[in-house]
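Notes follow once the structure below has been shown.
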8 protein chains.
Amino acid sequence: MKALVGIVMGSDSDLPVMQAAADMLIELGIPYELTIVSAHRTPARLMKYAAGATVRGLKVIIAGAGGAAHLPGMIASVTTLPVIGVPIKSSNSIDGWDSILSILQMPNGIPVATVALNGAKNAGILAASIIGAFQPDISEKLTGYKKKMEDEVIGKASALKGKGQPNQFD
Amino acid sequence: MKALVGIVMGSDSDLPVMQAAADMLIELGIPYELTIVSAHRTPARLMKYAAGATVRGLKVIIAGAGGAAHLPGMIASVTTLPVIGVPIKSSNSIDGWDSILSILQMPNGIPVATVALNGAKNAGILAASIIGAFQPDISEKLTGYKKKMEDEVIGKASALKGKGQPNQFD
Amino acid sequence: MKALVGIVMGSDSDLPVMQAAADMLIELGIPYELTIVSAHRTPARLMKYAAGATVRGLKVIIAGAGGAAHLPGMIASVTTLPVIGVPIKSSNSIDGWDSILSILQMPNGIPVATVALNGAKNAGILAASIIGAFQPDISEKLTGYKKKMEDEVIGKASALKGKGQPNQFD
Amino acid sequence: MKALVGIVMGSDSDLPVMQAAADMLIELGIPYELTIVSAHRTPARLMKYAAGATVRGLKVIIAGAGGAAHLPGMIASVTTLPVIGVPIKSSNSIDGWDSILSILQMPNGIPVATVALNGAKNAGILAASIIGAFQPDISEKLTGYKKKMEDEVIGKASALKGKGQPNQFD
Amino acid sequence: MKALVGIVMGSDSDLPVMQAAADMLIELGIPYELTIVSAHRTPARLMKYAAGATVRGLKVIIAGAGGAAHLPGMIASVTTLPVIGVPIKSSNSIDGWDSILSILQMPNGIPVATVALNGAKNAGILAASIIGAFQPDISEKLTGYKKKMEDEVIGKASALKGKGQPNQFD
Amino acid sequence: MKALVGIVMGSDSDLPVMQAAADMLIELGIPYELTIVSAHRTPARLMKYAAGATVRGLKVIIAGAGGAAHLPGMIASVTTLPVIGVPIKSSNSIDGWDSILSILQMPNGIPVATVALNGAKNAGILAASIIGAFQPDISEKLTGYKKKMEDEVIGKASALKGKGQPNQFD
Amino acid sequence: MKALVGIVMGSDSDLPVMQAAADMLIELGIPYELTIVSAHRTPARLMKYAAGATVRGLKVIIAGAGGAAHLPGMIASVTTLPVIGVPIKSSNSIDGWDSILSILQMPNGIPVATVALNGAKNAGILAASIIGAFQPDISEKLTGYKKKMEDEVIGKASALKGKGQPNQFD
Amino acid sequence: MKALVGIVMGSDSDLPVMQAAADMLIELGIPYELTIVSAHRTPARLMKYAAGATVRGLKVIIAGAGGAAHLPGMIASVTTLPVIGVPIKSSNSIDGWDSILSILQMPNGIPVATVALNGAKNAGILAASIIGAFQPDISEKLTGYKKKMEDEVIGKASALKGKGQPNQFD
């Protein structure tokens, strides 16, 4: 099955964070691909990856990087597909501030859809919501996912009450 | 023509910033709607706006807000459509840090696609790239827009050379 | 006994922090209730909780949340009761800055009484001081609590002297 | 009429900001008093002000200060009344960060109800909401104020539509 | 022997940091006293401590505190003695920023001589340098201390060379 | 008359800020000297200035600098006199953060008594308080200065009452 | 004459800042070239510029950019020449923090020699010092430049004394 | 063999970070020397080290320091050689911000080539790139190093595919 979402990251040390994006797409039944593309160590590979993304059938690209994180922005400079940037709090990052600012603060003309620090799971959901805007089956799965989250909260509220926390609301 | 993109903001004082999103959509020929929805002053209106967005045909929602900016995230809590958040450096904002962090740092499950501070123009382009991933005519317009930006840079480089700046590259 | 203070939090992972608010209220003999309400996962539950708070007899609401923390502000958008916000340094927070700014920087018209990062104990005391302004028995208990804190400091100063620290003041 | 709210500030240069708190109380019909008390220039005056507040009939104290802002916290160290702190972005403040942190980050035992930077208007509303929790006439006025804010947003949305902004929602 | 330096801190939990100031004074042979004075828990004790400092013979006061750290500034508001403030990175501090800013950013008229975060050792040296400006025996000891530091660096440089690090300078 | 305080700054562009230190010393009758010493442009001059300070009779050195501000710390590395650092928000500074941190965060062994951003006036007062700890005539002048500040606050409070601000305290 | 230094910037709006680098090189007699290369608008031009830099005779590249500033780092990813990055406080930058962090925090393997915010003049001097390490004539000019700076400071100190500032040092 | 690069640091506690610079130079076959020079503990040694650097044959100086880090800038104030500054996140640093700002924000006239926080490895590579601009054998080694980094990324991408990660690009 052809991948609709491409997940790339600057280093395999980012995989523990970025796997959450892949897991979310698996849960929602959206085919994806995942590989390593480094803006600084493999600039030519980056250009090739981004230039061919539309032709290979991708609808969204998720790019994660940390520190002076140029990967999401440089991919966005080449493709017209929506690029979701995941700032990673890597070992060389200053509490994540560098990762966030170097992904978020793109100049006019080349946006990157930035999610929270280490927010790979949300990157997967955002990719799904983009596809879901045009594919009702995915949109329905997201509705189900939202319902499940709601039920979990209510379940936990109920459990707290069961453990003796005073609750005159539920 | 039915709007594909909904643009909302917390106050009409945000319009000078947010108009850039609308202008970009006009330039790219994408129908949109624009109104004021305040998370804090009109919570019921927010719920109604977000809950009906899919049925009314929207594909993307762009929400701009400043300070403790809850509008994008609260809309995202209700709809499954992709929500683009524009942090606004409003008069009550601390250099924009509050606007950025309260839009970007959404918890797992409810992403907001955050763009740069005051990046309404990029929000318009990002909305177009989302639609363009599924509508080739929009994708082509974005390719044209990218080409135009490239030509402008080369034109400016040429102009600098014309004004006597030493340039042995071009 | 009818609860005077409602304590809510976005997730049960916030309970270890927020329990300190409840403990303080227990110590001061103020009836409370405690449950989970998520702004992003259960927006309808949030609206219902806040809308019914006055009728159910609450005098103060304490709301704790982390990251892009919208819970206190959204409750304040619905009720006229005083809302105390507790910024939580949760695992997805950037050292607590996002939690603080997204609770503190509310726009004109909808205040949240923000306490220190992870300051749930102080939220409990603040709730008591609000009630105590109108119920002398609670005010007296707070006076006693203040006295106890003072005595503890003097006791510790005395203990340090006893351990040989030079002290020509006491 | 006896003042229910005491408004204090460290310097008359803070009055342009703090007057908004007084104006809000006037609008809501709540008697107040307003004067200058400096933690650093008049520590004895501060102690006397705070120690007598309850006896003089105050229910809430609003204290505004900038820079290393010790006024709200030192008042809270003496009285058991709720103290609302307004961080002021004064000329000697570093973008307001010092004002915010030195008011917000109070230690366990002595809370200050902190509002947004320069948020004196919200301090007035918060004081009203505290009183309103025990005086229904004030609570009703706050409900009216909330309604007015909502109407203003809807009016502005309508005005934007009237000026030709596309709006398929209203 | 009469104490020349008074060391105070807000809580005995600050002692592990503040002991370094005492140790430095012991090393330099300067009599001191050390106790607990809390701005927020014992405001009256603070006033008494600061008001009597000159009469009791103190020449310098060292005050350490964390979070919304009001102790150094409030002591400086009462006494004309030089007050050295030590910002402490206590458990309730946001990486020390609150401690630093609420001690450093004192308004015109009431300075606090602020040292580095957790810089109690330097507070001790600074107190000694103040006394040493008027007592040559202390000044000489500081000269000796400076010489010892220099010798240690040169000794370590020599040791590195001995371990085989290339060094064509020494 | 021999100078007791030396005021130095890195550039004459810092004079508008640093003059406030000199003015304060004039007001308190303390002889001083003032000149330009640049750590980076005149390192040899810096070494010479600091090395001769004690011999020339100085008791305190006040050093102001902005950006990567090395002047106060480098002077402190040479002399045993107390060095007061004034972080200046110069045109090349990032809102003053660089100035503050590069003066405040001195390593163990070489303290700088740091005052608030642009706090040259407080540097003058701090120098006076250091001298006043050993010269009662200066200490008395500082007591008078404190009294004057207190009277000014009370005068302003009275003026506000005169203008109609409600005041049931005074 | 063949250019030894290449100066590039992302937009002609950066020229007012970056011209200072060119002016410095002119003053020191070092041939340079200057043009516009945008990482995001002309990624192919960037790759071509960087790939050909060594062959065209450049010894150093100076790259200025603001916001999410990827230009210096991406050039460094392609060439082995030293790349000097100038963070620019452009209109879309958050006080320059994004510019600094996205240039400075490069990952292991691909350094960028970062200078101060808007420090284009220093970028020119740093380029000269790099060339001067291998060309004694340039090194001598830098020695002269350093001497001139020193003389200017001493001249200004003398002027201040002439205007009546007390100075017992010179 | 005469050292081309001098590596200095303020304390032997910085060696675990700074050794990476030496290791990189060893890998690239560039002779270096390494020792301890403290700006604050051994100012005279600093002056001597910097003043003799050119004569002793150095082409580049790498200086690492943390906190109020004055070492790189003070060396640059004396020599005309390029100085690379390594901000170190030492135990007394505030998350590295002080180290970065006090090295990066040098005034006009005296640049320091700043690399990332703890970026000693990159300091070694930058020194090599400076030398490589004039010595083709070093430049070739850097090209080889870049190729090796690229191969490693491609190798890791291949390994991920081998482990079952979907990859339709390679």
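The values are calculated or read from the model by the stated rules, or taken from the named source; none is laboratory data. Here the structure is a predicted model, which means the values were calculated and not measured. No Cβ is skipped: glycine too gets one built from the backbone with ideal geometry, and neighbour counts run over all protein chains shown. Quick note on the areas: whole protein, heavy atoms, side chains included, nothing else; ligands and nucleic acids left out. Shrake-Rupley method; radii C 1.70, N 1.55, O 1.52, S 1.80 Å.
Considering amide H positions built from the backbone, and no H for Pro or chain starts, which residues 5 or more places from H:Gln105, or on another chain, come under 5 Å of its amide H?
F:Ala68
Under 19 Å Cα to Cα from G:Lys141, which aspartates and glutamates show up? Leave out anything in the same chain fewer than 8 places away.
Output for G:Lys141: G:Asp23, G:Glu27, G:Glu150, G:Asp151, G:Glu152.
What is the interface area between chains F and D, defined as buried accessible area summed over both chains with a 1.4 Å probe, reported in Å² to the nearest 100?
For chain F against chain D, roughly 1900 Å² becomes buried.
Counting Lys +1, Arg +1, Asp -1, Glu -1, what net charge surrounds F:Gly85 among other residues with beta carbon under 15 Å of its beta carbon? Let's see the in-between values first.
Numbers: positive: F:Lys89, F:Lys121; negative: F:Asp14, F:Asp98, H:Asp98.
Residues near F:Gly85 contribute -1 overall.
From the Cα gyration tensor of the protein assembly as shown, with a ≥ b ≥ c the square roots of its eigenvalues, which class applies: rounded if a/c is under 1.5, or else prolate if a/b is larger than b/c, or else oblate?
Working: a/c = 1.79, a/b = 1.00, b/c = 1.79.
The shape class here is oblate.
What is the dipole size for chain F, taken about its Cα centre, with +1 at each Lys and Arg Cβ and -1 at each Asp and Glu Cβ, in debye to the nearest 20? Spell out each step's value before the answer.
Working: 15 positive and 13 negative charges, 38 e Å.
Approximately 180 debye in magnitude.
Using a probe radius of 1.4 Å on heavy atoms only, what accessible surface per residue do you get for chain D? Whole Å² is fine. Walk me through the intermediate numbers first.
Values: 5070 Å² over 170 residues.
That works out to 30 Å² for each residue.
So if I restrict to the alpha-carbon atoms in segment C:5-135, what is the Rg, and what is Dmax, the biggest pairwise distance, in Å?
When restricted to Cα atoms, segment C:5-135 yields Rg and Dmax of 13.1, 39 Å.
Whole angstrom only: what separates the Cα centroid of segment E:41-94 from the Cα centroid of segment G:110-162?
So the separation of the two Cα centres works out to 44 Å.
Within 14 Å, Cβ to Cβ, of F:Gln19, how many net charges do the neighbouring residues add up to if Lys/Arg are +1 and Asp/Glu are -1?
Details: positive: F:Lys121, G:Lys163; negative: F:Asp12, F:Asp14, F:Asp23, F:Glu27, F:Glu33.
Within the 14 Å Cβ shell, the charges total -3.
Between C:Met1 and B:Ala44, what FRET efficiency follows from the Cβ-Cβ distance if R0 is 41 Å, with the result rounded to 0.05? Don't skip to the answer; put the middle values down first.
Details: r = 32 Å, r/R0 = 0.79.
Efficiency at R0 = 41 Å is approximately 0.80.
When only C-alpha pairs under 8 Å and at least 6 residues apart count, what is the relative contact order of segment B:5-135, in percent?
Numbers: 267 pairs, mean separation 36.2, N = 131.
Averaging sequence separation for qualifying contacts and normalising by length gives 28 percent for segment B:5-135.
Out of A:Pro82, A:Pro31, A:Pro136, any idea which swings most in a Gaussian network model of chain A, alpha carbons joined below 10 Å?
A:Pro136
Given the DSSP H assignment, sum -39500 (n - 2.57) over each helix run of at least 4 residues in chain H and divide by its residue total; what's the result at 222 nm in deg cm²/dmol, nearest 500?
Details: 6 runs with 78 residues, N = 170.
One gets -14500 deg cm²/dmol as the mean residue ellipticity at 222 nm.
Considering only the other residues whose Cβ falls under 14 Å of the Cβ of H:Ile103, what net charge follows from Lys and Arg at +1 and Asp and Glu at -1? Spell out each step's value before the answer.
On the way: positive: H:Lys89; negative: F:Asp98, H:Asp14, H:Asp98.
Around H:Ile103, the surrounding residues sum to -2.
With respect to the axis carrying E onto B, what is the closest chain E residue by Cβ position, and how many angstrom separate it from the axis?
E:Trp97, 7
Sequence-distant or interchain residues sharing an amide H contact under 5 Å with H:Ser90, placed H: which?
Answer set, sorted by chain and number: H:Gly67.
So who's got an amide H within less than 5 Å of the one on H:Gln168, skipping anything under 5 residues away but keeping other chains? H placed 1.01 Å off N, in plane.
A:Leu34
Over 31 Å between Cα atoms, which of B:Lys121/B:Lys156; C:Lys148/D:Lys48; C:Lys59/C:Lys147; B:Lys148/H:Lys163; E:Lys59/E:Lys147 qualify? Could the numbers behind the result be given before it?
Working: B:Lys121/B:Lys156 22 Å; C:Lys148/D:Lys48 21 Å; C:Lys59/C:Lys147 26 Å; B:Lys148/H:Lys163 42 Å; E:Lys59/E:Lys147 26 Å.
As for pairs spanning more than 31 Å Cα to Cα, those are B:Lys148/H:Lys163.
Cα gyration tensor of segment H:22-73, axes a ≥ b ≥ c as square roots of the eigenvalues: rounded (a/c below 1.5), prolate (a/b > b/c) or oblate? Let's see the in-between values first.
Values: a/c = 2.64, a/b = 1.43, b/c = 1.84.
Oblate shape, in that a/c is at least 1.5 and b/c is the bigger or equal ratio.
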